[in-house]
Structures are given as C-alpha cells and as structure tokens.
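**Q** Following this message is one structure expressed as structure tokens.
Quick note: the coordinates plus some simple rules give every number you see, no bench work behind them. This one's a predicted model, so the numbers in the text were calculated from it and none came from an experiment. Neighbour counts run over all protein chains shown; Cβ positions are idealised from the backbone, glycine included.
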C-alpha cells in the first residue's frame, strides 16, 4: 500500500502508455536541461555580479544579433521535433486497428454505461482481455464528459449528439481507474469507474457469466425472483445449503450417497427437491414445477456455475414503497 | 532634471472627499480605484481556493459538499481570471504608469477611463451577486451544454457580469492604444519606449481583438439558456465545440493579456536593479508583438481531445510551439541583462528573478501540453492546473508584486519595510513551489481536475500542495499589511528611490495631478543607466 | 486638419450609385439556380467589393493616415484568422475515414 | 478643460455665417485641436476593429453551421423577406451617402447643409428601422420565430427531414441575433446623429472643430458595412424565384 503511494507513475497498462511516457522522458530531459541551465545561469549571474561597494556602473551592452538569432532559431527546430514526436503518438492513438473490438460507451450524469458487442452491459466497470485492441465509441446522453484511463494514457471527450472514439490495447492485467475528466456537474468526481484487464481465459469466463445480458446474470435475477435467497442464504439463519462453488462438486446426501452437482442434479432439485436431500438439512423446499420455466432453469444453472465463495447476494427483505415516496435520487 | 523636493500638493491631496475620487478623471486616481477593487477580488478568490485546498487534504472530501466544492472552484476561477489576472496590471499599473512613462498629462480619453472602472465594478457586482447569492457551479470555462441546459445555478447574472467586464477591458485597451499613438512626449519615438509600454500596447491589442468574441459567445449562451433555443446544444442541433472555439479564441490570448504586462514589468525592473540597459531591446519589444499575434493562432490546443478534427489538431499543435519562441527570446534576454551587471536585491528585483524562474518552468511545461501525444494523457488533469498556475501565479502574480513594489514609492510617495518585503518575496517563492510542484506529479499520475474526492493514492501530493498553499497564503497577506502600514510609517521616497531612468521617475512622488510641470522632452532610449550617473545619485 | 484631396460630392454620388447597382446585382444573382456554395461565394465577393467602397470612400480611408490603414488591415486580418482557423476544424471533420465521428 | 481660440474660424469668417470668434473645447491632455481630432478618429477606428470581431464571432458560427447544414440553411434563407432585406440595403447605402455629405459640409462650414444631411441620415435610419419592423412582422406571420412561433410540420411539408428542422431553427436564431444586434447598432447611430443635429443647430461645429461629426460618421458607415455582409449571408443563400415576391 505504502509502495503504491510512493510510486506515482500510473502503470503502463496499454501499448500507448510506454510511448507517452517516452515523450514525457524526452520532454522532461530537454526542457529540464534548458530550464535548469537558465536557472543556474540566473543564480550564477545574480551572485557573481552582485553589487559591491566598489562595483562601477556597468558598461553599455545592447545585444548581439547573431546571438539573438541563435536563440530564436534553435528553439524553433527543437520545437518542431517535439511536434513531430507528439503528433505521431497522437495519430496512432486515434487510429484504431481494423480488428479492434467495438464497445459502445454512453456517459451520463454521473455514470458510465458500456455495451459489449455480444450484448453484455456494464455500469462503471469495463472488463477487457489482455492483448486485444478495443475501440470505444463514445457518446453522451446529456453534457460533455471525458473518458480518461490514466493507466492507458488515453483521453477523449464524450460529446452529446455524436460519436467520438478512442482505442487502446491493454497489455497488463489489473484494475485501473476510469475517470470522467471533463467537468460535468455536481457529482463529477463520482463519475468514476474501474477498467478490469483480465487474462483472456478469465475474460471469456466473465463474458459469459457475469455481464448483464448473459445467462448467468439472468439466472441471478431468477434466483432473486423466486426468493431462493430467503433459504439458500449465506448467513447463519440459512434454512438450506449455500450454493456457492457448487457446480460439478460432490454433494453428500442424507442417505449416505454422493452425487455430482451437474445440470441434471440442479434441475431435479428445483422440480423435485425431496428426492435427494443434502446431509444435515431438512426438506423444507416446495417443488417449483410449473413455476420455473425450462429457460429459467438453464439460467439458474449458468448462475450457479458462476457463483463463487462469498458471492451469494445478501438477504434483503423487500417492502412495497409507501405511496408518497420521494424520488430516490433527490437528497 | 526636475523637482527633487517633496511636493506639497500632489494628485492624492489636491482635492478631497469621496466624490472627488468617484468622479475623478485623473488616471492616477482611477488606478488606485482599480487597485482597491482588484485587491478585494483577489482576496475573495483566495478565500474560495483556501476552502478548496482544505477540502482536498483528505481523499473523501470531509469539509464541504460536492455542490459547494464546485461553486467554490468556479468562484475562484471566475474571480481570479476575469476580475483579477486579466485586469490587474493594465488597469492598476498600466493606468498609473503609462501616461507618466510617455510623458503625457493623462490618457487620451479620461472620461472613458472612469467609465471603464464603473463598468468593471458593475460587472463585478453582477458576478459576485451570482456567486455569493446561490452560487455558480459551471467552472470558469462555461462549457455548453452543461452551462446552458444542466446547471441549476446563477448562470445568467454571472455571464452578464463577465460580458460587462469584457467591455470594460475593451475600452481600457482602446484608451491605451490611442494614448500610445497620440500622446507620446516629444522625442519619445517607438524605439525609445520602455518595454512596459510596449507590452501594455500589445496587451491592449489582444483586449480589442479577442474580448469581443468571448462576449459574443457568452451572449449567445445567455440567449440559449434564457429561451431554451439551441445554438450550441446538440440536442437542439447545435455544436458544443463552436462555443469552445469562440471561448478559447479569447481565453488563450487572455493568458497573454495576463503574462505580457508582467514581462513588461520584469523588463523594467531587471535593468534598473542591474544598472544596465536591457539586453536585446529590439528583440524583446518585437517579441511582445510576436506573442500577441501568435497567441491568436493556438487556441484549439485546449481542444485536442475535445473532438476537433485531426487536421485542426495538428495545425494548432504546430502553431502552439511557435508562440513559445518569443517567450524564450525574452527569458534569454533577461538573463543576459544580468551579465556583468551591478545587481542589487531589493524586493522588486527578488520578485522579478522569481518571475523569470517560475515563468520559465511554466513555459517549458506548456511545451508538454502543446505536444499532442502528451496532451492526450495530461489534458484536464492537475498537470494542466500546475502548468497554468506557474504561468499565472508564478509568472503573472510575481510580476505584479514586482511592479507594485517597484512603483509603490511613486504611487504613494512612501517606502515600505525592506526587510518584510524581502521576506514575503521569499515566502511566496517557496510557498509557490510547494503548492504547485506536487500538482505536476499528481496530474501525471492521473488525478483529474475539479474532483472533490479522489482515490487515496493521490493524497500525499494533495496534502503537500495544501501545505504549500497555506505558506503562499501567508506570503500574500504580508504585503497587504506592510504596504498599508507604509502609508503612515513609511519614510518619504523622493522622486527616484531606485535611481531608475524612466520618465515616471522624473516627476515628484506622488506626482502632481498634471504629472509633469512642463512636458518632458526625450533625448535617449530607455534604460540608459550607463549615462545617467547623475540620475543615480538622486 | 488633414487638408488632403477630399473627395468631391460627385465622387460620393458615383460611389453610392455603384453601391446600389451592386446591391441589385447581388440580389439578381440569387435568382440563378446555382449550387448553394456559389450563392455564398458570389454574394460575399460582391459584399467585399461594396464594403471596400464604403471604407475607402465614405470612411475616408483613402485620405487617412497610415495608422488608420494598419487598423483596417489588422481588423480584416484578424477576422480572416478567426474565420479560417475556426472553419479549419469544420471543413476537415469527417475527412479521416478511420476516425468515426471525427 | 481649457479653450483654444480657433483662428482659422476668424480667417474664414467672411465665407461663413458666423461672425464671432468661436472657442472650441480642448481637453488638457492634448496640445491642440488637431491632435484631439486625430485621437478621436483613431479611437473610433480601433473601436470598429473591436466591432468587427464582435460580429465576426457570429459570422464564424453561421459559417460553421452552414458548412454542415447547407440544404436546411438554404431552405430557411429562401423563406426570409429578401425584398425588404434588399430595400433596406439601399436605404442604408443612401443614408451613408447623406452622412458623408454631412461630414463634407461640416468641413466646409456649411451649417444649413450639415443640418439637412444629418436630418436626412437620421430619417433614413428611422426608415430602415420601420422597414425592419415590418419585416419582423412578416416573419411573425410566417412562423419564423423559433421558440415562439414556429411549426415543425410546415418545414417537413416543404420537403425537409425531421432532423433538418432543428437546423432551420439554428439558422433562424442566427438571423434574429444578427439582425437584432445590427438593429441595436442602427438605433444607437440614429440617437448619435440626432444629438449631432442639436449640436449643429447650436452652431457647435466649424471647419476646425467637427470631430464628433467625423467620428459618428465612421460608426454609421461601419453599421452600413455590416449590413452589406448580412444581406448575402442571411437572405441570399438559396435560389429565389419570382414567385417569392408574395412574401411581402
């Protein structure tokens, strides 16, 4: 933690990052040298030629044309060098490779909404695999925002009414800040998110299991819809086994046998819960035959596949809101 | 040359009463009216940023709500830019010194000058009303469509105030230009003008050509917000970038409105305290015009990632580098002026040397931002904040302090405490570095500007910056105290306490209402310290 | 007072007549079925000629000092600067095919 | 304020209808009247340069949108009342002629002619405003005021797509802002000319002191020049046919 605070450079997590840092090193070296030499000269002159009691009135010194031209023209050439170096990086940073995956991004006060080509949607989080170029098509629902991921060194304003685009190719797994850097109103500082760069295999798993629009997430909704959570909860008041890390693991039954928790077992447990009772639990569960559709069973299975330790939702009692509830977002 | 004794009657005591000040046509009195107004504005802006910096001490924004925070940084930006940095040197020191430096009795249009001050006050009242009664949360850049359709704060009165102040600037600039053209003393040719006059002239030129566009852009915003019709709002068919173009067409040159007169001051002070003529006078004078002209060609470098076309970005990046050349010329020439000089370190000189260091750092980091590839990363982060504060606070305010200390004996006829003034110059320099150096780092690390809470890894730098700001704050309050005290306890300054060569030093301090008993005749260029030995002994 | 050759009343009359003829011309041009851009180009060219006539004769730029000419030149130049640099962006957006939205 | 006797006036007095020595206001910062006159003229020129940029911002906006929304702009432009727009151009041009003649006679010391032409200038300025008012009325009648009287459907019937309707509004907003702002300038000009008229009546102006007339004339011509550019930029974008005459 402390080490993170000391190392102030954001990590170089995209192909662009190292090139931008290279520009920084180049500019810092040259400008630093110039700045330091001016400062040193200034201090040296100030000390060396300080007025002493016997200092005579200095002689006239009007200037020197070759010298003036020298320090007019030299910076000009250096600056053109800077321009070319910067323009190349900029040009490449705006030119997405043709095979880039396109993700649509919508900014609104004060959140980021992402939509992957496969249809998965995310809010304030963006999951991307390492090594694959991504092109973001950015637009805004209201005011101007700006998409900024320091670790990628990319930055693009998000305008309402049109698309702007930005691309990056992540090269290092990790979790990186996503900021809105164009002032957009009261909660501007809250318009932040995280970009999760994952190994490709992990990303594949995530893509199918976690994102909105995926089977797993639909399954999670089914899980909550039928109030499965009220018994299969992860707290001490649970009245049924917790379902974390269940899929394809052995389950010990009350009759002493063991089954593997595969698709069939899960379907059976929903439609005919009394058939195989888990060791240590009573059979309280009614049958859901006729209520849970086969599609919903598939979604539930996908959800359980993705459900890992500590990921069971909290049990929250639901109440109908009172009639005169103020809108949620007003404070 | 002229009167050496302390005059009984001067512009300060020739007439008395509040009305004699409020209806004065004397450029010197109007300068003092401005001095009081902008000082009040400076400290108001300072209070706002103090709270902002305190809030940023912790990552989770413990002090004020997000809404209040936004209103505070907007207040800081609006006040400091439109009501302090842009007007301060032209209206205070320019107003006071310009006629004196060219040997004129007054500006070309004295009534217009007073009208400018009233416009300024009127604009300030509108803007302050907007910001204190309810607040303004748009940021000083007023980007659409946030400003026109989303903000629920007092946008319209604030915009009206700024448009009014814009007209005040325009009239001031007009006055200066005509004055320099028409009222120069006999013998005072263009190549004998002090650099301060050159830079004020170049600044006026920017006032006149840049301010109208921002006034129009803001008027269009008022129209859009008032009647809900689209000019810039994309939901209604407009283009928000058009506003940014018009805004930066003014606001980039406005940076040079701020810095050019500062360069002028430093070009007066450094020769005076090194007892040498300014190295490369012609180049320094012409580079003022170079800066003023080129400053109009670079505005879109504020918009590299705003969605402008690639070609436009390339063109503006290249042009942005060009504007750095004349600035570099000035820095090199100031340094060369010190060479083999006879340098003394009174407060104005300390501030001026501080200016050269800080301005150089600010200018060099500007090269980072003009670099397309870099700007892509640091745009709208604290790196930008640090850069423009190096220019505006490190550069401009240091130069203003230098000029204020340089001409204070002329303005009031009194000397201030030498020890305290040197101490405060030192404190400001150190406080400044502590405040803004960490912001470069935290900016490159990715902290966006205008965030009231931020990831905890940025805290170290923010705490350092806030600590520095408190030192800086002390540095700014000190001069307020000892300068005011000098009015009563300062020893009389005499007409020329620094042994300087300008025409303004050849009249008593404080000057009489008509400036010069007889119109002076100029026979030499400025900064002829080597021939003015008699002058030095005054 | 500048006692340079002040234009005569006849000159003023001729200039005014010329201006009216040009006004009629510019309105007439708008009746030709040209592509939209040509209406603007022709209209602005005629307007530039008319503007120049007003500035040179009515505003006495012809007999004014050098400073006046400089002010005129600066104003025209800066107007062009604003328009040309500003429109650079608008003309070139969408020219780069691989940058959607630009 | 001090006074400088104008000897030129005495020299010319036989040719003039004034017989007394006239004193002219000379502000203390000037050495003589000529310097004061030149400062005034230069001040006005510089102010006009500012005005150029002021209107320039609007021209940039109009131009930028025109590049992107050409067809809608042309369609909208055709709906404007070009007949009055054109007539008003001529009205302003003639008023400029009268103004320059006023300066001419002020310089010649011909007070009666000066007053006549100042009066005619103000009259034509007033006529411009009246015509403008009538034009605004026809705009009101034809539903050309976005935000107040505007009908999206009419424009769709004209053959525009619904996306182009906001572009039409954009054009009309620029039309209103630009002509409105120009109208304000004309009004200010008329007031200034009327003030001159009163001063001229009192015999303030002489061949050595007519700087206010000269300076006001510069402003008046500038306002005229702005209109010269507004005409093609607003009224003449599209293709007119003789059938358009009915818009009167």
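**Q** Rounded to the nearest 0.05, what FRET efficiency do residue A:314 and residue A:275 give with R0 = 35 Å and r taken as the Cβ-Cβ distance? Could you check?
**A** Numbers: r = 30 Å, r/R0 = 0.85.
Taking R0 as 35 Å, the efficiency between residue A:314 and residue A:275 is 0.75.
**Q** Now a separate question. Have a look at C:23, C:68, C:92 and tell me which one the Gaussian network model of chain C (Cα, springs below 10 Å) gives the largest fluctuation.
**A** Of C:23, C:68, C:92, the Gaussian network model singles out C:92 as fluctuating most.
**Q** Shifting gears a bit: Can you compute the modelled spin-label distance between residue B:111 and residue B:517, with each label point 7 Å from Cα toward Cβ, in nm?
**A** 3.2 nm
**Q** While we're here: Distance from the Cα centre of the stretch B:269-346 to that of the stretch B:23-102, in angstrom?
**A** When both Cα centres are located, 25 Å separates them.
**Q** Shape of the stretch C:1-87 from its Cα gyration tensor (a ≥ b ≥ c, root eigenvalues): rounded if a/c is under 1.5, otherwise prolate when a/b > b/c, or oblate?
**A** Values: a/c = 6.18, a/b = 1.33, b/c = 4.65.
Oblate.
**Q** Quick check on chain D: helices-only [θ] at 222 nm, where DSSP H runs of length 4 and up contribute -39,500 (n - 2.57) each and the sum goes over total residues. Nearest 500, please.
**A** So the calculated ellipticity at 222 nm is -24000 deg cm²/dmol.
**Q** Shape of the protein assembly as shown from its Cα gyration tensor (a ≥ b ≥ c, root eigenvalues): rounded if a/c is under 1.5, otherwise prolate when a/b > b/c, or oblate?
**A** Details: a/c = 2.48, a/b = 1.48, b/c = 1.67.
The shape class here is oblate.
**Q** Multiply the residue separation of residue A:48 and residue A:251 by 0.36 nm, subtract the distance between their alpha-carbon atoms, and state the gained length in nm to one decimal. Show your work: numbers first, answer last.
**A** Values: separation 203, 0.36 × 203 = 73.08 nm, distance 8.71 nm.
Length difference between fully extended and current span is 64.4 nm.
**Q** Next up: Normalised radius of gyration for the stretch D:42-114, please: alpha carbon Rg relative to 2.2 N^0.38 Å, two decimal places.
**A** On the way: Rg = 18.5 Å, N = 73, 2.2 N^0.38 = 11.2 Å.
So the Cα radius of gyration is 1.65 times the expected 2.2 N^0.38 Å.
**Q** As a check on your grasp of the helix formula, calculate [θ] at 222 nm for chain A: sum -39500 (n - 2.57) over DSSP H runs of n ≥ 4, divide by the residue count, round to the nearest 500.
**A** Working: 7 runs with 112 residues, N = 331.
Only helices count here, giving -11000 deg cm²/dmol.
**Q** Now for a separate question. Using the per-residue mean of other Cβ atoms lying within 10 Å as a proxy for protection, in what order, highest first, do the peptides D:97-106, C:54-63 fall?
**A** Details: D:97-106: 25.1, C:54-63: 20.5.
The peptides rank, most packed first, as D:97-106, C:54-63.
**Q** Okay, next question. Could you pull the Cα extents of the stretch A:277-318 along its three principal axes, largest to smallest, in whole Å?
**A** 30, 27, 27
**Q** Relative to the longest principal Cα axis of chain B, at what angle does helix B:110-132 sit, 0 to 90 degrees, rounded to 10?
**A** 30 degrees
**Q** Can I ask one more? Using a Förster radius of 56 Å, what is the FRET efficiency between residue D:191 and residue B:481 based on their Cβ-Cβ separation? Nearest 0.05, please.
**A** Numbers: r = 50 Å, r/R0 = 0.89.
About 0.65, to the nearest 0.05.
**Q** In Å and from the alpha-carbon atoms only, list the Rg and Dmax of the stretch D:39-247.
**A** Reported Rg and Dmax, both Å: 19.6, 63.
**Q** OK, next. How well do other chains shield peptide B:181-189, expressed as the mean number of their Cβ atoms within 10 Å of each residue Cβ? Don't skip to the answer; put the middle values down first.
**A** On the way: counts 9, 12, 5, 0, 0, 1, 0, 0, 0.
Mean inter-chain Cβ contacts per residue within 10 Å come to 3.
**Q** Remind me, what semi-axes does chain A give for its equivalent ellipsoid, largest first in whole Å, using sqrt of 5 times each Cα gyration tensor eigenvalue? Numbers along the way, then the final one.
**A** On the way: eigenvalues 774, 89, 88 Å².
Value: 62, 21, 21 Å, ordered largest first.
**Q** Here is a further query. How shielded is B:62-72 by partner chains, expressed as the average number of their Cβ atoms within 10 Å of its Cβ atoms?
**A** Values: counts 0, 0, 0, 2, 7, 4, 1, 3, 6, 1, 0.
The mean count of partner-chain Cβ atoms within 10 Å per residue comes to 2.
**Q** Also, I was wondering about something else. Normalise the Cα radius of gyration of the stretch A:215-306 by 2.2 N^0.38 Å (N = residues in it) and let me know the number. Before the final figure, lay out the partial values.
**A** Details: Rg = 12.3 Å, N = 92, 2.2 N^0.38 = 12.3 Å.
Dividing the Cα Rg of the stretch A:215-306 by 2.2 N^0.38 Å gives 1.00.
**Q** Return B:16, B:213 ranked ascending by Cβ neighbour count within 10 Å, so the fewest neighbours appear first. Present the calculation step by step, with values, prior to reporting the outcome.
**A** On the way: B:16 9, B:213 28.
Fewest-to-most Cβ neighbours within 10 Å comes out as B:16, B:213.
**Q** Right, here's the next one. Sequence gap at least 6, Cα distance under 8 Å: using those rules, report the relative contact order of the stretch A:215-306 to the nearest whole percent. List each step's numbers first, then the result.
**A** Details: 121 pairs, mean separation 36.6, N = 92.
Taking the mean separation of contacting Cα pairs over the length of the stretch A:215-306, I get 40 percent.
**Q** Using only DSSP helix segments of four residues or longer, with each worth -39500 (n - 2.57), what per-residue ellipticity at 222 nm results for chain B after dividing by its residue count and rounding to 500? Intermediate values should be presented prior to the final figure.
**A** Details: 17 runs with 332 residues, N = 538.
The helix contribution divided over chain B gives -21000 deg cm²/dmol.
**Q** Rounded to the nearest 5, what % of the DSSP beta bridges within the protein assembly as shown are antiparallel ones? Please list the in-between numbers first.
**A** Details: 40 of 54 bridges.
Expressed as a percentage, antiparallel bridges in the protein assembly as shown total about 75.
**Q** So, by mean Cβ neighbours within 10 angstrom, what's the order for B:500-512, B:395-407 with the highest one leading?
**A** Working: B:500-512: 23.2, B:395-407: 27.1.
Highest mean packing first, the order is B:395-407, B:500-512.
**Q** Which FRET efficiency value, to the nearest 0.05, is calculated for residue A:70 and residue B:430 with the Förster distance at 35 angstrom and r the Cβ-Cβ distance? Could the numbers behind the result be given before it?
**A** Numbers: r = 34 Å, r/R0 = 0.98.
Approximately 0.55, to the nearest 0.05.
**Q** Here's a follow-up. Could you sort the peptides A:152-165, A:23-36 by per-residue average Cβ neighbour count (10 Å cutoff), highest mean leading?
**A** Details: A:152-165: 23.9, A:23-36: 15.8.
With the highest mean Cβ count within 10 Å placed first, the list reads A:152-165, A:23-36.
**Q** I'd like the per residue volume of the convex hull spanned by the Cα atoms of the stretch B:25-536, given in cubic angstrom.
**A** Hull volume normalised by residue count: 134 Å³.
**Q** What's the average, rounded to a whole number, of partner chain beta-carbon atoms within 10 Å of each residue's beta-carbon in B:244-254? Write out the running numbers ahead of the final one.
**A** Working: counts 3, 11, 8, 0, 0, 9, 2, 0, 0, 0, 0.
Mean shielding by partner chains, rounded to a whole number: 3.
**Q** Something else: At what distance in angstrom do the alpha carbon centres of the stretch B:153-175 and the stretch A:224-245 lie from each other?
**A** Value for the Cα centre distance between the two parts: 65 Å.
**Q** How many angstrom separate the Cα center of the stretch B:449-496 from the Cα center of the stretch A:191-210?
**A** 47 Å
**Q** Label residue A:260 and residue B:125 with points 7 Å out from Cα along Cα→Cβ: what is the distance between them in nm?
**A** Result for the modelled spin labels: 8.6 nm.
**Q** In what sequence do B:221, B:9 fall when counting other Cβ within 10 Å, fewest first? Don't skip to the end; give the middle numbers.
**A** Details: B:221 27, B:9 11.
Lowest to highest Cβ neighbour count: B:9, B:221.
**Q** Right, something else. Would you mind classifying the stretch B:394-538 by shape? Square roots of the alpha carbon gyration tensor eigenvalues, ordered a ≥ b ≥ c; an a/c under 1.5 is rounded, otherwise it is prolate if a/b is larger than b/c and oblate if not.
**A** Working: a/c = 3.38, a/b = 2.43, b/c = 1.39.
The shape class here is prolate.
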